[in-house]
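**Q** If you scroll down you'll find the structure; I have some questions about it.
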Number of protein chains: 4
Amino acid sequence: MDPRTAPPPDAYLGELIERFLPLRDGEISGPTETLEDGEAERFGIAMATVDGQVFSAGDDAKEFAIQSISKPFLYGLALDRLSRQEVHRKVSVEPTTEAFNSLTELEEDHLPYNPMINSGAIAISAMLHHADPQQADGWMMDMFGDYLGRPARLHPRATDSTATAHRNRAIAHLLRHFDVIGDDIDGAMRMYNRQCVVTADVRELAGMAATLANGGVHPRTGRRAIRREHVRDVLTLMFTCGMYDTSGNWAYTVGLPAKSGVGGGILAVVPGRMGLAVYSPRLDSHGHSVRGLAVLKDWSCEWDLGIF
Amino acid sequence: MDPRTAPPPDAYLGELIERFLPLRDGEISGPTETLEDGEAERFGIAMATVDGQVFSAGDDAKEFAIQSISKPFLYGLALDRLSRQEVHRKVSVEPTTEAFNSLTELEEDHLPYNPMINSGAIAISAMLHHADPQQADGWMMDMFGDYLGRPARLHPRATDSTATAHRNRAIAHLLRHFDVIGDDIDGAMRMYNRQCVVTADVRELAGMAATLANGGVHPRTGRRAIRREHVRDVLTLMFTCGMYDTSGNWAYTVGLPAKSGVGGGILAVVPGRMGLAVYSPRLDSHGHSVRGLAVLKDWSCEWDLGIF
Amino acid sequence: MDPRTAPPPDAYLGELIERFLPLRDGEISGPTETLEDGEAERFGIAMATVDGQVFSAGDDAKEFAIQSISKPFLYGLALDRLSRQEVHRKVSVEPTTEAFNSLTELEEDHLPYNPMINSGAIAISAMLHHADPQQADGWMMDMFGDYLGRPARLHPRATDSTATAHRNRAIAHLLRHFDVIGDDIDGAMRMYNRQCVVTADVRELAGMAATLANGGVHPRTGRRAIRREHVRDVLTLMFTCGMYDTSGNWAYTVGLPAKSGVGGGILAVVPGRMGLAVYSPRLDSHGHSVRGLAVLKDWSCEWDLGIF
Amino acid sequence: MDPRTAPPPDAYLGELIERFLPLRDGEISGPTETLEDGEAERFGIAMATVDGQVFSAGDDAKEFAIQSISKPFLYGLALDRLSRQEVHRKVSVEPTTEAFNSLTELEEDHLPYNPMINSGAIAISAMLHHADPQQADGWMMDMFGDYLGRPARLHPRATDSTATAHRNRAIAHLLRHFDVIGDDIDGAMRMYNRQCVVTADVRELAGMAATLANGGVHPRTGRRAIRREHVRDVLTLMFTCGMYDTSGNWAYTVGLPAKSGVGGGILAVVPGRMGLAVYSPRLDSHGHSVRGLAVLKDWSCEWDLGIF
């Protein structure tokens, strides 16, 4: 079933909502007391095509923190602002069977495995911050604005949760120890923490994916968010490493470059065609949205979207 | 540079031979006393398109043992003869940062990480052998014949080298211990060892890749070698796991599903378009042909062949 | 409480039986259908002093397979027959946090960590078998006879259980791969398997421990079972490595060189004074007799037997 | 050779100095620009008996930072001030094959393996600091004073070297993440860092060891430095874990509870008899004094001091 010949996307998205609304497995991330009423139950789906159409269903206007979905975008920013060579002197490009927040690989190889896991993203943040401590935050906010098609903003109450703050700081000190990052750990952590609480609704998230699908240019605004030559690097690492230690299974069952965040969002890129996004905050043990995985698996299969 | 608009492929392949002939790094695998004169220096390149053209340069008529290049093809055979579900109850689909012949992952997870490493391939061989001990070898030889476009044959002197025989047998006993495979370890090992010494020349190897690029049908004979629905599984695992613990780097720098063998061969698939193959026996420390890596990296870059 | 001033040992041992008879945690090793009636419930305790006295209580006349308790004794035999230097070229002396039957350390270091775990004991067996394939089994049986004070015999029905046979054979092939052992894997495994099914009752087991406590001479027969200079090596490795990955906790809570077997036996050495033994087949998850651990912990504490 | 029948200890110590003075392998720890002239070449040996005699040779009046030698003493202080139970809820007692400064075990087990490695010692420091933030430093300084027989003092220029500061802070944040320690990371690190730069000369170091050999009472001052019941815990952990990932080899070749520090000091306890100490700053790759290891290996062997 090809999207261009299939029933109207709106109908299909609505059907996916119905199909998976009963799925209530998983746990939300972070302290429940900060949740808004009904937040855990939210469920939105969107798709944005490279020619600028956007379809959506469900809770499609609620903003949430993108969390780790920020990682491929920061990585792209680092490629643009620094260079492939400079970035990959400090961060490798290998998938890992360790969890997203592991320190083990640092102990063994002294370099983060890839930019899609916490250690790699902290290294990327440190690089950008180090390149220009005054400007780096502005680069980042502008970059997210280009992908979102409107000025980026931060989640009002989200900050680095205490559940992960100490682990990430441990990673940062170990990166410092191995000379992957420099002395300004506080600056690097601030940048890392801010990128995680950039907000989007699910339609905007699909637009971010569509921008990558479109060679780096936002389909609606026509603004370039990342150099064309770096899009393939970002998509490759999303494909091989984006879903952490389940990346292999994701490649096998969904077959699309993707990234998820513990805020409940997940996006996937169909190169040359469109961006897909799901928002539903209940997570599995790997930190992926339970409904997000289920939706994208069926969607990719039913529309035959996989890259192979 | 697109192959359809580029200078004649023959000229390009000849130029690649010239470019990398001086590259003599790496070591051949196995005992040198069994080598033919000049075997270590051989260097051949070929490409086969989905419309049946074959181009080649260098030592393109020398047959060699395909070794681990057999793994994706056996995996496809297992999918066809058994089923996805049955195969993946026993073998996972995750990339690994361990070496191709590691036992460590078995100790941790009790299942081989994927069918592209020795433990997974031994499990696949055992499954097929177990499914029909009388017929399985015939299935295998027929399948390779379909990919080669001529009856499959085994290397006259190659057998499981003593360098790896005991390690592979250790893997087999550990697989038996964890009930991944059954009691007929000798039968499984025989099948595993025979698949490794199937021979091809570099033009035939490109044809095997082209068969996968062509949805499972050999471009010249028109014979189907694998069901269409399983081609994507094979390509996905070649992309994420085919180059062992360097798969991430390969995906990043070459961006094509590929597989290498310690016999010096390496093939890559450009889905929908063509198969590429290189033969040169000197290997790097990961067991990949040194010239093979260098050729495919330049080729993919210069013809912009990467899937992203 | 010192044993020489304490109430009569017989009374104390009887009291220990009473104290821990209600403790019925743990699982027996191996297939239950081969058990004799009530075998799982057996419970015997014994102590043998260096001046030849033996005290016991409970099921003190039932013979059982010593299983891994054989390991320090085979190690001592290897020291006597070969030399410290020759033995430790192939087996290290480091404690491990891996389980007793792990292959992981071989993958990392290519040598067994110590002679008290399966990989080390298989290496020791191979060394002895290799030194003289005709005589080695006789050396072993004579050695056990010297420790037992009567001719050694093998358990009539016990053989290498299928539960561990394939894992041990995997270890053997990996040892072969790393050139720790030679080609006669079957010979080494036969020797390894036979040592495990040597039998003793709990009084004889205490006598084996007392022989080590007595500098290598059996207190009752006066026969030397191991050279004096090697007794310290055996005791040191029993202390640091004898209880596998719980050796640290054992040293901390009991403080005596000890060794346990999955047959339900456990022995401990009080250097210069006596040997202690317990027999009770229910095992904890590490393969140690549950009652054995409980008895020896209290006994060491109440009689202040720890070496520090 | 027993020390009571051997030639005068002074002569023996002088002979050891001569024997190993030519041994100049190894590297000093830390930045060379802070070294005093000739510091790297210093070499002192001392022994202190439980009846109050002290013998020494070589550079026996130079004070140096005890560094990790502080660990067993802080552990003893924690046992005295808190309790066995409270301490070991947060720190295990297992030897490790990881290096002294590894974070890997925390990732796996979420508890430090033992109090003799950095992670365990940081946890111990945090416990003590948390128990009474105002008094804890005083307890520590008093305790070291009791072992030294004079008021404790800190090295004037030594501080936590930048080479290890970030790694230790990474450990602290990971301990915090796993709730092993509380929020006052700075307080814990200050206590950890101060204990490392307590100074002693080699005669005083031998006295510290002799205090443990003497059941916790300083032989010269008669002051108790640790409760008798906790001495065995300290000695046990020094024996099984004191020499990090070489503890097994140390137990095998020297056979005494011991602890070394990167300042070049190393002490060993002969229970009931005496304390031994060596000072020589060149270290092997595990962080042990090269001459220290060589001296104690010969000394233990020639005087037959091993506990087994």
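Read-outs: derived from the displayed coordinates by stated rules, not from any lab. The shown structure was predicted, so the numbers you read here are calculated from the model rather than taken from an experiment. Ideal geometry is used to build each Cβ from the backbone, glycine not excepted, and the neighbour counts take in all protein chains shown.
**Q** Would you kindly derive the ³J(HN,Hα) couplings of the stretch A:258-273 from the backbone phi angles with the Karplus curve 6.51 cos²θ - 1.76 cosθ + 1.60 (θ = phi - 60°), listing them in order in whole Hz, with x for Gly and Pro?
**A** My calculation for the stretch A:258-273 gives 8, 7, 10, x, 6, x, x, x, 8, 10, 9, 10, 9, x, x, 10 Hz in order.
**Q** Next question. All other residues with a Cβ under 15 Å from the Cβ of A:Gly14 taken together, and with Lys, Arg as +1 and Asp, Glu as -1, what is their net charge?
**A** Spelling it out: positives minus negatives among the neighbours equals -4.
**Q** Residues of B:89-97, mean number of Cβ from any other protein chain within 10 Å of their own Cβ, rounded to a whole number?
**A** Partner-chain Cβ atoms within 10 Å, mean over residues of B:89-97: 5.
**Q** State, to one decimal in nm, how far the label point of C:Ala165 lies from the label point of A:Arg227, with both points 7 Å from Cα in the Cβ direction.
**A** That separation, rounded to one decimal, is 6.4 nm.
**Q** How long is chain B along each principal axis, judged by its Cα atoms, biggest number first, in Å?
**A** Answer, in whole Å and largest first: 55, 42, 35 Å.
**Q** Binning at 10 angstrom from zero up to the longest distance, how are the C-alpha pair distances of the stretch C:69-196 distributed in percent?
**A** So the P(r) values, bin by bin, are 13, 48, 33, 6, 0.
**Q** I need the Debye-formula profile for the stretch D:154-308: one equal scatterer per C-alpha, no solvent, reported as log10 I(q)/I(0) at q = 0.12, 0.15, 0.18 1/Å, two decimals.
**A** After summing over all Cα pairs, the log10 values are -0.58, -0.90, -1.19.
**Q** Residue by residue through the stretch B:84-90, what is 3J(HN,Hα) from phi via Karplus (6.51 cos²θ - 1.76 cosθ + 1.60, θ = phi - 60°)? Round to whole Hz and write x for glycine and proline.
**A** 3, 4, 5, 4, 8, 5, 10
**Q** Just want the answer: with Cβ charges of +1 for Lys and Arg and -1 for Asp and Glu, which residue in B:Leu79, B:Phe178, B:His110 is farthest toward the dipole's positive end in the stretch B:70-195?
**A** Going by the charge dipole, the pick is B:Leu79.
**Q** Follow-up. With +1 assigned to the C-beta of every Lys and Arg and -1 to the C-beta of every Asp and Glu, and no other charges, what is the dipole magnitude of the protein assembly as shown about the Cα centre in debye, to the nearest 20?
**A** So the magnitude is around 0 debye.
**Q** Can you list residues from other chains, or at least 5 along the same chain, whose modelled amide H is less than 5 Å from the amide H of A:Asp59?
**A** It is A:Phe43, A:Gly44, A:Ile45, by chain and number.
**Q** Sticking with this structure for a sec: Could you give the size of the charge dipole of the stretch B:109-226 about its Cα centre, using +1 on the Cβ of each K and R and -1 on the Cβ of each D and E, expressed in debye and rounded to the nearest 20?
**A** Details: 12 positive and 12 negative charges, 102 e Å.
Using only the charged Cβ atoms, the result is roughly 480 debye.
**Q** Relative to the first principal axis of the alpha-carbon coordinates of chain A, what is the inclination of helix A:70-81, with its axis defined by its Cα atoms, in degrees from 0 to 90 and to the nearest 10?
**A** Helix A:70-81 sits roughly 60 degrees off the main axis of chain A.
**Q** Pop out the ³J(HN,Hα) list for the stretch B:234-241 in order, Karplus 6.51 cos²θ - 1.76 cosθ + 1.60 with θ = phi - 60°, rounded to Hz; leave Gly and Pro as x.
**A** Along the stretch B:234-241, the couplings run 5, 5, 4, 6, 4, 5, 7, 10 Hz.
**Q** Continuing with this model, one more query. Label D:Arg84 and D:Asp284 with points 7 Å out from Cα along Cα→Cβ: what is the distance between them in nm?
**A** Each label point is offset 7 Å from its Cα along the Cβ direction, giving 3.2 nm.
**Q** If the label point is 7 Å along Cα→Cβ of D:Asp304, which residues in the stretch C:205-248 have backbone nitrogen under 19 Å from it?
**A** C:211-218, C:224-236
**Q** Specify the residue with the greatest mean-square fluctuation among C:Gly292, C:Gly222, C:Gly182, computed from a Gaussian network of chain C linking alpha-carbon atoms under 10 Å apart.
**A** Fluctuation is largest for C:Gly222.
**Q** Of B:His177, B:His129, B:His155, which has the largest mean-square fluctuation in a 10 Å C-alpha GNM of chain B?
**A** The residue that fluctuates most here is B:His177.
**Q** Hey, another quick one. For B:Lys297, give me every one of the lysines with a C-alpha distance below 16 angstrom, ignoring sequence neighbours fewer than eight places off in its own chain.
**A** Within the straight-line limit of under 16 Å, B:Lys297 reaches these lysines: B:Lys259.
**Q** Moving on to the next point. State the dimensionless ratio Rg/Rh of the protein assembly as shown (Rg: radius of gyration of Cα atoms; Rh: Kirkwood radius).
**A** Ratio of gyration radius to Kirkwood radius: 1.00.
**Q** Using a Gaussian network model of chain D whose springs link C-alpha atoms within less than 10 Å, name the residue from D:Leu237, D:Leu13, D:Leu35 with the highest mean-square fluctuation.
**A** Largest GNM mean-square fluctuation: D:Leu35.
**Q** Near the amide H of C:Ala65, under 5 Å away, which other amide H atoms are found, from residues 5 or more places off or on another chain, if H is placed in the peptide plane?
**A** Result for C:Ala65 returns nothing.
**Q** From the Cα gyration tensor of the stretch D:21-116, with a ≥ b ≥ c the square roots of its eigenvalues, which class applies: rounded if a/c is under 1.5, or else prolate if a/b is larger than b/c, or else oblate?
**A** oblate
**Q** At a Förster radius of 41 Å, what calculated FRET efficiency corresponds to the Cβ-Cβ distance of C:Asp186 and B:Asp37, to the nearest 0.05?
**A** Efficiency computed from Cβ-Cβ geometry: 0.55.
**Q** Counting Lys +1, Arg +1, Asp -1, Glu -1, what net charge surrounds A:Thr199 among other residues with beta carbon under 9 Å of its beta carbon?
**A** -2
**Q** Report the local net charge at D:Gly242: Lys and Arg +1, Asp and Glu -1, summed over other residues whose C-beta lies under 11 Å from its C-beta.
**A** For residues surrounding D:Gly242, the net value is +2.
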